[in-house]
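Okay, so here's the structure we're looking at.
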Amino acid sequence: MTHDPVGLGSRKGTKMNTRSENPDSRHSAPIVVGVDGSEGSRLAVRWAAEAAARRHRPLLIVHGIDLLMVSSTAGGHDVMAPSVIDAVRTHGTTVVGEAAETARQVASGLDVETELSDESPTRLLIDYSRTAHLVVLGATGNAGAFAHLGSTLLAVTSHGHGSIVVVRTDDPDRKLRDEGPVVVGVDGSPVSEAAVAAAFAEASARGAELVAVHSWSDWDAGQFAGKRSSAVDVNQLETAEFAILAERTAGWQEKYPDVRVIRKVYLAGPSAQLMQWSMSAQLVVVGSRGRGGFTGLLMGSTSNFLVQHAHCPVLVAHSA
């Protein structure tokens, strides 16, 4: 690599951890949270610290200062000045330091590490998502955007790996719900299977009920069966959908016998149903793409909608 004295496009910066590139190390992998000093990221730090303490995992707090972006907005040459670089890095050091203090207040004794990187937040978090147990981001308001990480949210949830959590709340006091069920959207696709796996693990770790939500359409079912929708017996289809949902969750229920499962089948409207459940759930889990999705697609409409508008944290599960 060409020597780069200011770290533009490099991984130079304050790094206080050793990253593992071995997928087999996931059993000891950290929970990674991206911070930017905003209220949304502070909420994400609290959620991530609680999750790390619950799972007895280390917490890694990361901040990407994105010197390339700073260079372009500062006119290119000004960013080369040591005073500008120092100011940006000093701000980043303050951001991760305050986040670490917040995490330790939430869970005393928690193993907390920080990293200040010259990379963009998007690249940094997607990179970490390959080996992290979870990657956590915060969201503020109803638009799913928050300061420096605003442009990062959809990019990381769309292109990340493993489980990505977007921490949301509609509580005016910025409190996170620690009661209520874990809710998972199930559509029978391979990505949905990843969501079911993540949801059972989360419900077990939290001692929570799991609500498995499946939405279907009698019109779609009739078309798939080669019949007119008017010829489809909706009651029979609903019974069949319940049976399919039970089959999709049976194996995981055997693996997690401590988790009580409630199955709900609705006629269409997955976004609306999951949005409604997010008002009482402590976590909603969805796949990164829905039924009929393909590799080049970013996220399914349901996942995309929920990470921007849900009333509680949303976990987006990516299949291996």
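Before moving on, here are some points about what is shown:
Every residue, every condition in (1) exposed (fewer than 13 other Cβ atoms within 10 Å of the Cβ); (2) modelled with pLDDT of 65 or more; (3) in a loop (DSSP other than H, G, I, E, B), yes or no:
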{"position": "R11", "(1), (2), (3)": "no, no, yes"}
{"position": "N17", "(1), (2), (3)": "no, no, yes"}
{"position": "D24", "(1), (2), (3)": "yes, no, no"}
{"position": "R46", "(1), (2), (3)": "no, yes, no"}
{"position": "R57", "(1), (2), (3)": "no, yes, yes"}
{"position": "V62", "(1), (2), (3)": "no, yes, no"}
{"position": "M69", "(1), (2), (3)": "no, yes, no"}
{"position": "G76", "(1), (2), (3)": "yes, no, yes"}
{"position": "V79", "(1), (2), (3)": "no, no, no"}
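- Count - residues of region 125-175 that are part of a loop (DSSP other than H, G, I, E, B) and either at pLDDT 90 or above or not charged (D, E, K, R) (or both): 16
- Within region 155-187, the only residue that satisfies the criterion of being small (G, A, S), surrounded by fewer than 23 Cβ atoms within 10 Å (Cβ to Cβ) and within 23 Å of P257 (Cβ to Cβ) is G180.
- Top-ranked residue of region 81-123 - restricted to ones that are acidic (D, E) and part of a helix (DSSP H, G or I), ranked as surrounded by the fewest Cβ atoms within 10 Å (Cβ to Cβ): D86
- Top-ranked residue in region 99-122 [being charged (D, E, K, R) and modelled with pLDDT of 95 or more; ranked as farthest from V35 (Cα to Cα)]: D111
- Residues (more than 22 Å from T93 (Cβ to Cβ) and outside any helix (DSSP H, G or I)) located in region 27-44: A29
The values are calculated or read from the model by the stated rules, or taken from the named source; none is laboratory data. Model, not experiment: these values are computed from the prediction. In this analysis, Cβ positions are derived from the backbone assuming ideal geometry, glycine residues included, and neighbour counts consider all displayed protein chains.
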